[in-house]
Structures are given as C-alpha cells and as structure tokens.
Amino acid sequence: MASLAAMLTARRGRGKLDWTDWFSYGYLLLGLFLMFGPVIWLVLSSFKTTAALNEFPPRLLPYGQKSVVVAGYDRPLSLYRVTLPDGTTRDLAEVRRIGIQATLVDPKTPEAEYKVNIRDRQPVREFALALGNYTEIFGKFAFGTYLWNSVFITLVATLITLLFNAMAAFALSKYKFGGRDVVFLLVLSTLMIPPTIILVPNFLVVAELGLLNSLWGVIWPAVATPTGVFLLRQYMLTIPDELIDAARMDNASEWRIFWRIVLPLSAPALAVLAIFSVMWRWNDFLWPLIVLSRNEKFTLQLALNAFQGELTTEWNYLLAMTVITLLPVTFVFAFLQRHITTGIAASGLK
Amino acid sequence: MSIARNPIVVLAARVATAAMNAVDAPLRAVQRVLGVPRIGWIFLAPNLIILGLFTFLPIVINFYFAFTGGVELYPAERPFTGLDNLETLFDCEHYLDPSTCRKDLFWRSIFNTGKFALLQVVLMVSFALITALVLNRKILGRGFFRGVFFYPVLLSPVVVALIWKWVLQREGVLNAALAGAAAAPINWLADASWAFFWCVFVSIWAHMGFYTLILLAGLQAIPADLYEAAQMDSATPWRRFSRITLPLLMPNLVVVLVLGLIRSVQTFDEVFVLTGGGPGSATTFIVQFIYQTGFAESIHQYGLAAAASLVLALALLLLTLVQLRTTRKSLRGSGDRDHG
C-alpha cells in the first residue's frame, strides 16, 4: 500500500505533488465520473426488472426477487421476509395473494400455511440480471429487423464509400488531366455544405429516384464523402509513381494497377476511413428519419427514437436496445481508439 | 481458425476478384479509346455523379423550392410565388419579440439557436481548454483519461439523449441523489429553463472530447524549450500560461470556436430526442423548425422549409468565411461535417 502511494505521488525530477497536480487528478476523476458514470448507469439499469426500475430511490446494482422451488408447487414461488403476529420474522414463499391478504408457506415445511397482511411482508432480493430485457426485444418488437437494417446500411455504405472514394482519390493523385484541380476543389467545397441545409431538395431527388422507404435511399446520398476522398488522396500521394510506371511496363491495365497495387498499399488510410464511415452510418439520424417512414425500414436509431416517444415507454426494453446500439461503437472505441484520435488530430475531421 | 482460411473470407475474396476481373475487360477497352491520363475521369465518375445528384443539384433545387408555394413535392406542380415564403418568415412587427411574428416559431427557434450556440460553444471550448491543459501534463494514465473524455464523441446522438433522459427521469438517479441531500425532486425536462440548461450540458458532454483533442494537438506543438526558458527566468505558472501557452494556442482556439459554432448552430438530433423541442418551444432550434415545417407536420410546407434552409445556409456561409480567414492564418485545415 505504501509503495503504491509512493508510486502515485512520485514525480519526475521534482519533489512532492503541488496544488496543480491535486487539481489535475481531481479534475480527471470528476471527468471520469461525469463521462462514464451515466453510461455505466444505463448499462446497469438495462439489466433490471421493471419492478426494480420503478423503485425510488434506485439501487446501484440490479436486484431481482428471490424465488424458491417448494415441494408440491409447479412454479417457483417468490420469497418474502414476513413479520408474524408474534413479532418474529421468517423467510416464507408466497402461494397466492387475495386483496391485502397473502398466503405463504415455509419452503421446508410446506404443509402449514400462514395468512398475513401484505404490509407485513417484504420481498427478499438477490443480485440477478434480468436478461429477459435482452432476449424479449427480439420477439416483442421487430428488433431483429431494425438491427439488420442498421447493419446492412452501415456495411454496404462503408464498402461503397471505400471503393468510390478510393477510385476518386486514385484519379486525383495519380493522373494529370485537364480540370483535375478544379474537380478536387469542387469535391472539397462540399465540406462546406452541411446536409442540414439541403434536406427538402434532397428529399425530392431521393423520391424521384424511387428510393423513399428504401435502405438505398440512406446509402446512396452518403457514400461520396469529401473527407474520405481528401484523406485517401493525401495518402496515395505518398505512394511512389515508379511502382505504377513499372506495372504499366508489364502491360497492366489502369484498373488492375488501381486494384492490385494502389488499393492494397492504401490499406492504413482505408482502415481509418472504414472506422469513420462505420461510425457515421451507424449513428446517422436526421436523414434516415426523413427517408425511412415505414416501421419495417427503421434503423436502430429511428426505432429508439420511436419507442422513447411512446406514452407508455417500456424502459426495461428501451434501455436494453440502447445498450445494444452503443455496443459496436464501444468496441470500436476500445480497440481502435488510437487510430481515431491520431486521425482526428492529424486531419481535424470527425 | 486463421482468417485466411475462414470460408466467408475466402468466398468474399473470390467474389471481389471475380468482380474486379469482370470490370477489367470493358475498362481496358475504354482506356484504349480515352488514353491514360483521361481515364482518370472514369475513376472519378461514381463519386462525381453522387455528389452532383445529392449535393450540387439539391443546392439549385433548394432555391427553386424557396420561391414556390403549395404542398406538392414535384417542382412542375408548384406555383411560383416569388418572395412570399421569405416574406412570411420575416413578417414581424418587432423583430426582437417573436410573438409579434406571423411565423413566431421560426423566430423563437432563431433566438433559441443563437442563445444555445453562444452558451454551448463558449462553455465547451473553455472546458475543452482546461481538459487539454490537464491532459498535456505529465500524468499517470494519460492515454486512458484522453479516451475517457473522447468516448461520448463516438456515441450516436440518440443514444446520448437516451442516456441523459434516463438520468434525468423524475424517478431518476439525479433526483434520487438530490433526495439524499434532502432536496425536492425536480422535473428537469418539463421546466423551460432547466430543459435548456440540460440541452447545453448534454451537448457539451457529447462533443467536448473532439475539441479537446484538437487543442491537445495544438498544445503539444508548442516547443518545450520556451517553457524551459521561462522556468530559468522563474516565471510563475500563470505568466507561463498567459505569455506562452495562450498566444501560441490562439490560432487553434479561434478555429475550434468557429468550427464549434458552425456545428452548434445545426444542433438537432440530441435535443430532438431529449426534449422534442419542448417544453413548449423552449428548446426548438432552427434545424428542427425546418424538419417540422417540411416533413413532420400534417401539411408539408416544402417552400417555407427551403426558405428557412436558405437563411440557415446564409448564416453558415458567414461563419465559414470567418473560418476560412482564420484557418488560412493558422495554416491548419479542418473539416466541419459530422456526416462525412
């Protein structure tokens, strides 16, 4: 313990911690609590039963009512701590309840029945994960459909984004033709045109193409990302032209050069773009909200929004759905954080 | 099982190779016709077609929509109404009092957006700066803490809103904590001022990590020998901050401020899910006005929505020009889109 404290307080070169260090660690711990706390609370809550969710004040960990199997009864019975008329307390299993009177038995000697007022019994709780929240959403709602729609849009849009952006980046970095620089500027200029200001006309275009209420209506408008073209072009500029010239000597077609040489060599930049694209498409909300109005075409984000707006929100299911929705991004964060943070720091894109 | 022998991967590789070969022969023919440098246009084509269809064409159509009326979507069926839509939006007795305007929601949303954007950006950049300064110190677990502040940036706006909606429930954990301190529970999202506060708070919570990262990169670019020299002259920490850190970080700070403002003005998703724009219109922002007018209300007023888009586009154009000026000064490129 002492050595741990010594390690924590050790500072390079100088002596003890001064107030700025205390402030720094205090600030970081507060940040840890504020940033992760709500997410952890969400995850813990998603494992609670409806009864536990309605409890106020809430408990930190998910608890469920303990139940026991009693000889002579088919179903497991709920366990209660009962205060008997003589003042003693015992753990009894409830057989039935009529009005305010409950009938309970001792699990070990189920022959004798006790009748008590329901105010004299308290449920016995034990740590239990309500996994039903997660399994039931697939049956009760079309959750599988929403999940599939989200996965389909994310994967297909990312693949097309990678291919189209890489093709454009290849042309912009490896060929010298008239108008190339104008095109590059034109592509970059679309960075300045946020999707929010062309919602109405884009809706018209998608409607004219017959893509309303089709997953392709979400995919096609999203795949020509200027950030992707920029990122890949900058990377491809570092690939030596000699490689390409050598392949031309061997009579390789331009398409083959792109596919066999430039694309594989751009793998690191493609990986960064793939990560970004997956996050963009998985998290998209406003555009899918406008294009997809039919329930069976909803993505996860749209489904979450629809459920939370209902009058009788079933929070136990909503929480489980939210956790599933944040899982992929959390995995990306846990394993690929370094790629994302260096990517942002280097290019300023998100 | 190694990845290379996974049957799905093998199949995917076969399909990709077959597709590649199928494209190769026709493209070779095109290459013979066009010649080598001009085949670049073929490589550009898919990207340009999509940009044309879904970005450049809509910009043009948006102007047409803004000057036509009616409820039809197809341009040919829309009567030309000139400046009617803009006049409707700007029909006010007093511009500072939304309740005297014909489209009072439009003006309320503009005032809300302005108030929100200023508050959110100033507070967010301040906290991002403090966080970046702390993370720039020699601190145990620096990478871990950097990740902690960055994590919410990756979450979807809907998830962010639901996380906080759950915390802010009337029977939620925040009210429970307050009850522990003997305070009465508050219906956070039903009170106009509190709802606005939480919109600002949640938006900062969700986006601060991104700006922290940019500022941190700026801090790390400041040469260390400047600080060593200052230490030799036994300058106080405050003087080191105000005379070295702040001036050298200023270009980054301005970029981050303008970038944050451009995004903040377009805030929609988180707030829409968190409060739905309410209570009343207390947290209705300009993008939500466009969405409601054009798509959510029973009568789709595309023309009015397009006209409001024009107003938003003008505001963003001004901000972008400011950004370009400051960016050129600081020689640092940055994208300003959330969606690619």
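FYI, it's all coordinate maths here, none of it is from the lab. Keep in mind the model is a prediction, meaning the values are calculated, not measured. Cβ atoms come from the backbone with ideal geometry, glycine included; neighbour counts cover every protein chain shown.
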Note to self: Please compute the average number of Cβ atoms from other chains found within 10 Å of each residue's Cβ in peptide A:280-290.
What the structure shows: 5
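Residues of A:186-192, mean number of Cβ from any other protein chain within 10 Å of their own Cβ, rounded to a whole number?
Mean partner-chain Cβ count within 10 Å for A:186-192: 6.
How big is the Cα convex hull of chain A in projection, averaged over all directions, in nm²?
Over every viewing direction, the Cα hull of chain A projects on average to 32.0 nm².
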Next item on the list: Obtain the nm distance between the two label points defined at A:ALA51 and A:PHE152 by a simple spin-label model: each point lies 7 Å from its Cα along the Cα-to-C-beta direction.
Entry: 4.1 nm
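Full-extension gain between B:GLN220 and B:ALA18, please, as 0.36 nm times their residue separation minus the C-alpha to C-alpha distance. Write out the running numbers ahead of the final one.
Values: separation 202, 0.36 × 202 = 72.72 nm, distance 4.78 nm.
Answer, rounded to one decimal: 67.9 nm.
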Next item on the list: State, to one decimal in nm, how far the label point of A:LEU34 lies from the label point of B:ALA45, with both points 7 Å from Cα in the Cβ direction.
Entry: 5.3 nm
Note to self: Please compute the length gained on full extension between A:THR330 and A:PHE127, using 0.36 nm multiplied by the number of residues separating them and subtracting their Cα-Cα distance.
What the structure shows: 70.5 nm
Check: For the modelled label position 7 Å from the Cα of B:ASP104 along Cα-to-Cβ, which residues of segment B:279-293 have backbone nitrogen atoms closer than 14 Å?
Finding: B:280-282
Item checked: Which of A:PHE47, B:PHE65 has the fewest Cβ neighbours within 10 Å, and the rest in rising order -> A:PHE47, B:PHE65
Margin query: Given a Förster distance of 22 Å, report the FRET efficiency between B:ARG142 and A:ARG338 from their Cβ-Cβ distance, rounded to the nearest 0.05.
Written below: 0.95
Item checked: Residues B:ARG243, A:ARG233, A:ARG294, sorted so that the one with the fewest Cβ neighbours within 10 Å comes first -> A:ARG294, B:ARG243, A:ARG233
Check: To the nearest Å, what is the center-to-center distance of segment B:52-115 and segment B:267-296, using C-alpha atoms only?
Finding: 16 Å
Notebook entry, point to check: Mean Kyte-Doolittle of at least -1.0 and a Cα length of 24 Å or more along the axis: which whole DSSP H helices of chain B meet both?
Noted result: B:7-34, B:104-135, B:192-220, B:246-265, B:302-330
Notebook entry, point to check: Nearest 0.05, what FRET efficiency do A:LEU212 and B:VAL71 give at R0 = 22 Å with Cβ-Cβ as r?
Noted result: 0.85
Notebook entry, point to check: Looking only at segment A:63-90, which residues have a backbone nitrogen under 15 Å from a spot 7 Å from the Cα of A:ARG96 in the C-beta direction?
Noted result: A:73-75
Notebook entry, point to check: Rounded to the nearest 5, what is the percent of antiparallel bridges among the DSSP beta bridges in segment A:67-123?
Noted result: 100 percent
Note to self: For the protein assembly as shown, give me every cysteine whose Cβ has no other Cys Cβ within less than 4.7 Å, ordered by residue number.
What the structure shows: B:CYS199
Checklist line | Distance between modelled label sites at A:ARG260 and B:SER242, nm, 7 Å Cα→Cβ extension | finding: 6.7 nm
Item checked: Helix runs (DSSP H) in chain A reaching 30 Å along axis by Cα, Kyte-Doolittle at least 0.5 -> A:19-45, A:143-174, A:315-347
Next item on the list: Over all alpha-carbon pairs in segment A:95-238, figure out the percentage whose distance exceeds 24 Å.
Entry: 62 percent
Notebook entry, point to check: Among the aspartates and glutamates, which have Cα under 18 Å from the Cα of B:LYS115 when same-chain residues fewer than 8 positions away are ignored?
Noted result: B:ASP97, B:ASP104, B:ASP191, B:ASP269, B:GLU270
Note to self: How many angstrom lie between the Cα centre of segment A:148-218 and the Cα centre of segment A:263-286?
What the structure shows: 13 Å
Checklist line | Residue-span extension gain [B:ALA183 to B:PHE80] - 0.36 nm each, minus C-alpha spacing | finding: 31.2 nm
Next item on the list: Starting from the Cα gyration tensor of segment B:93-330, take the square roots of the eigenvalues, sort them a ≥ b ≥ c, and report rounded, prolate or oblate (rounded when a/c is under 1.5, otherwise prolate if a/b is larger than b/c, else oblate).
Entry: oblate
Note to self: Students often get this wrong: which residues of segment A:74-105 have the backbone nitrogen under 13 Å from the point 7 angstrom along Cα-to-C-beta of A:ARG119?
What the structure shows: A:100-101
Checklist line | For the protein assembly as shown, the Rg and Dmax computed from alpha carbons only, in angstrom | finding: 29.6, 102
